[in-house]
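Here the structure comes first, spelled out in structure tokens, and everything after it is commentary.
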Amino acid sequence: MILLNPKQLNRFYPDDKSREIMQKTVQFFENKGKKKLKSDFHERVWYDDFLGFVKKEKIFSTLLTPTPYGGSDDHRWDTWRNCEFNEILGFYGLCYWYTWQVSILGLGPIWMSKNEAAKKMAAKYLEEGEIFAFGLSEKSHGADIYSSDMMVTDLGNGNFRANGGKYYIGNANKARMISTFGILDDSNEYVFFVADSQNKNFELIKNVVNSQSYVAEFNLQDYAITDNEILGKGEEAWNSALNTINVGKYNLGWASIGICTHALYEAINHASNRILYGKYVTDFSQVRQLFIDSYTRLLSMKLFALRASDYMRSASLEDRRYLLYNPMVKMKVTMQGEDVINLLWDVIAAKGFEKDMYFEIAAIDIRALPKLEGTAHVNMALIVKFMANFLFNPKEYPEIPQCSDAANDDFLFNQGTTRGLGKIQFHDYQIAYNSFDLPNIAIFKEQITALKEFLTHATPNEKQQKDIDFLLTLGEIFTLVPYGQLILENAKIYNIEESIIDQIFDFMVRDFSKYALQIYSKPSSTEKQMDYALKMIRKPKENVEQYNSIWTNHVYALKGIYEMKE
Ligand SMILES: Cc1cc2nc3c(=O)[nH]c(=O)nc-3n(C[C@H](O)[C@H](O)[C@H](O)COP(=O)(O)OP(=O)(O)OC[C@H]3O[C@@H](n4cnc5c(N)ncnc54)[C@H](O)[C@@H]3O)c2cc1C
């Protein structure tokens, strides 16, 4: 089974240490139990117990210290194993995931910088169980990261003073190294420097959210910096901001996958034991449909995110395809996560509000993920840049195998330029689609053809190309193509049953039709565009036997396989 089951961790690892970390982490949460997990959530308790466990087991140190700075072969930055660690944390609660995630973001500009002293300091703090933070966002600038009011004054002789505020900065109540983004006031260049939350000129104002996590507003007042704390200036600083987000945004999808998996187990356990009008809730036809859609969507989220990891781990300056797949894990997978929780909530209804259920956490936390690290819109605006080359200008690449080796992901900290996205070429998506002969994939391929006809013969006009609302919908349709492609590539690697693949393309065909209808209905769509949009609207092919077999053998079969200890 590809879904995470904490009772039966079965993921392949080339080494014992990685397996041990996953097992111990699951054990930590199962020992803590659902009752305490929930009461800490309700009382907004700072997760000292979790951080104590992480420190004792040196988990962040092992997983987040790149090979040259760690003390052993176990220390490496390995996306293959970090995926599952993300997933486990999401499975038990987003706050645990968040402290790990913002530590990753805080470490990004440090590991990317040329400042060896800062790197050694980070490795030491990791070893000592400290957490880290990423100070990019500001109160008045939100997604507009080009603007910053954090001013850094160069006093000469390697001395600087920083003045300004930051907002929404996770872990900034405790972190000893906060990678902080600002502007050098004399040259107007960007700068990344390290600030310490324990410094006397660091003013912690408040936690801006009502949760277990500390998402800080802070001010720096005449905060003294030396060359030792400068991580980078100018283009280097800018690149490390964006390249860090490239690394971090990938984790958001995994948090969604973890949350949805736990919620799915809870929902099937509840519905399959509840009797209404003398029959089980799982006997209602709409409930089965909701479950089958949840299951196939969740499976697709995981197949896609796993495959995206292969492209991330094998990326190089010559192969930057990960720059499309990463924002998709952020944007598409997290939004699919919201869909899965919506579907499951319709099944368990009032139960989803109960204070003793995990689902209550899931329903709240799942909403955060599309909004962190650039909103879904910002990421979609990015994805649209790849559309022309992806659909019309493919190139040959050697096939990328599954990357589960115990390697340090060196390239992630040497990504180089953030420019030239529109020039990146991709391998031909048709290879994956043509390697299956299934009814719903055939329909989906016809929809892709109609999309290409739309783009070729009814190309969005200049006004539409400037209308973000129009582009976002077009982007949703386009995203389905690489989404399906990577799902299919991984379905082969994981040997997924053909019936499940066809059922996945049942919802993919429906989603394609939904977005095509939205394009059709846009005020600015032309008659010609409307005609092509109608060609994209298709109905999946029904297969009752397949549907029933997936229900019995894959979805209903999840009943009772996992329940968190009280
Ligand atoms: C719980 C939480 C934790 C966070 N942790 C951190 C952290 O640790 N460190 C950190 O630096 N930041 C952090 N953030 C900030 C987060 O990354 C920002 O919320 C995010 O970048 C978007 O800013 P905003 O929410 O203020 O949206 P706004 O900037 O106010 O956006 C408003 C609207 O404009 C749209 N929009 C903006 N730009 C574009 C564009 N280019 N194209 C199309 N539409 C656009 C948005 O989609 C949105 O609909 C955190 C936020 C939250 C809520």
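What number, in nm² with one decimal, is the all-direction average of the projected area of the convex hull of the alpha-carbon atoms of the chain?
The number I arrive at for the chain is 25.8 nm².
Can you give the FRET efficiency for residue 549 and residue 9, using 1/(1 + (r/R0)^6), R0 = 35 Å, r = Cβ-Cβ distance, to the nearest 0.05?
Efficiency at R0 = 35 Å is approximately 0.80.
When a/c reaches 1.5 or more, the comparison of a/b and b/c decides; with that in mind, is the stretch 357-463 rounded, prolate or oblate per its Cα gyration tensor?
Because its axes are fairly even, with a/c under 1.5, the stretch 357-463 counts as rounded.
Show the residues, 5+ positions off or on another chain, whose built amide H is closer than 5 Å to the amide H of residue 5.
Sorted by chain and number, the residues that satisfy this are 10.
How do 449, 375, 62 rank by accessible surface area computed with a 1.4 Å probe, from largest to smallest?
Accessible-area ranking of 449, 375, 62, largest first: 449, 375, 62.
Not counting ligands, DNA or RNA, and with a 1.4 Å probe, what is residue 504's accessible surface area in Å² rounded to the nearest 10?
It works out to around 0 Å².
Could you work out the relative contact order of the stretch 474-566, using alpha carbon pairs under 8 angstrom and six or more residues apart, expressed as a whole percent?
This gives 28 percent for the stretch 474-566.
Let me know the charge dipole size of the stretch 463-555 about its Cα centre in debye, to the nearest 20, where only the beta-carbon of Lys, Arg (+1) and Asp, Glu (-1) is charged.
440 debye
So what is the accessible area of the stretch 152-266 per residue, in Å², with the probe set to 1.4 Å?
34 Å²
From the helices alone, meaning DSSP H stretches of at least four residues, give me the mean residue ellipticity at 222 nm for the chain, per-run term -39500 (n - 2.57), in deg cm²/dmol to the nearest 500.
-17500 deg cm²/dmol
Projecting each Cα onto the charge dipole of the chain (Lys/Arg +1, Asp/Glu -1 at the beta carbon, about the Cα centre), which of 153, 553, 480 comes out farthest on the positive side?
Selected residue: 553.
For residue 493 and residue 423, what does the FRET efficiency come to when R0 = 51 Å and r is the distance between their Cβ atoms, rounded to the nearest 0.05?
0.95
When the accessible area of the chain is computed with all protein chains present and a 1.4 Å probe, what percentage of it is carbon and sulfur?
Carbon and sulfur: 51 percent of the exposed surface of the chain.
In debye, nearest 20, what is the charge dipole magnitude of the chain about its Cα centre with +1 on Lys and Arg Cβ and -1 on Asp and Glu Cβ, if you could check?
It comes to approximately 860 debye.
Provide the net charge surrounding residue 533, with neighbours chosen by a C-beta distance below 12 Å and charges set as Lys +1, Arg +1, Asp -1, Glu -1.
+2
Given a 1.4 angstrom probe, what's the average accessible area per residue across the stretch 422-476, in square angstrom?
Accessible area per residue: 48 Å².
For 462, 236, give the ranking by accessible area with the largest first, probe 1.4 Å.
Putting 462, 236 in descending order of accessible area: 462, 236.
Near the amide H of residue 46, under 5 Å away, which other amide H atoms are found, from residues 5 or more places off or on another chain, if H is placed in the peptide plane?
none
Compute the relative contact order of the chain as a whole-number percentage, counting only Cα pairs closer than 8 Å that sit 6 or more residues apart in sequence.
15 percent
Is the shape of the stretch 76-129 rounded, prolate or oblate, going by the alpha carbon gyration tensor and its root eigenvalues a ≥ b ≥ c, with a/c under 1.5 for rounded and a/b larger than b/c for prolate?
Note, shape of the stretch 76-129 comes out prolate.
Using +1 at the Cβ of each Lys and Arg and -1 at the Cβ of each Asp and Glu in the chain, identify which of 432, 348, 505 lies farthest towards the dipole's positive end.
The listed residue farthest towards the positive side: 348.
Calculate how many DSSP beta bridges within the chain are antiparallel, expressed in % of all such bridges and rounded to the nearest 5.
85 percent
What do you reckon, how do 515, 146 stack up by accessible area (1.4 Å probe), largest on top?
Largest to smallest exposure gives the sequence 146, 515.
Show me, bin by bin at 10 Å from 0, the whole-percent P(r) of the stretch 146-225 based on Cα pairs.
Here the calculated profile for the stretch 146-225 is 19, 52, 24, 5, 0.
What number comes out for accessible area per residue over the stretch 290-329 if the probe is 1.4 Å? Units Å², please.
That works out to 14 Å² per residue.
Taking R0 as 22 Å, what's the FRET efficiency between residue 528 and residue 449 from their Cβ-Cβ distance, rounded to 0.05?
0.85
Suppose a student asked you for the relative contact order of the stretch 383-536, using Cα pairs under 8 Å spaced at least 6 residues apart; what percent would you report?
Computed value for the stretch 383-536: 31 percent relative contact order.
Once you put a point 7 Å from the Cα of residue 31 and another 7 Å from the Cα of residue 395, both along the Cβ direction, what distance in nm separates them?
5.1 nm
Treating only the Cβ of Lys, Arg, Asp and Glu as charged (+1, +1, -1, -1), what charge dipole size does the stretch 101-237 show about its Cα centre? Round to the nearest 20 debye.
About 460 debye.
Among 413, 164, 118, which residue has its Cα furthest toward the positive end of the charge dipole of the chain, with +1 on Lys/Arg Cβ and -1 on Asp/Glu Cβ?
164
Using amide H atoms built 1.01 Å from N in the peptide plane, name the residues 5+ places from residue 231, or on other chains, whose amide H lies under 5 Å from its own.
Amide H to amide H, under 5 Å and 5 or more residues apart or across chains, residue 231 pairs with 192, 193, 194.
The values are calculated or read from the model by the stated rules, or taken from the named source; none is laboratory data. These numbers were taken from a predicted model, which means no experiment stands behind them. Neighbour counts are summed over all protein chains in view; Cβ atoms, including those assigned to glycine, are modelled from backbone coordinates with ideal geometry. To get the accessible areas, we keep the full protein, side chains included, count just its heavy atoms, and leave off ligands, DNA and RNA. Shrake-Rupley method; radii C 1.70, N 1.55, O 1.52, S 1.80 Å.
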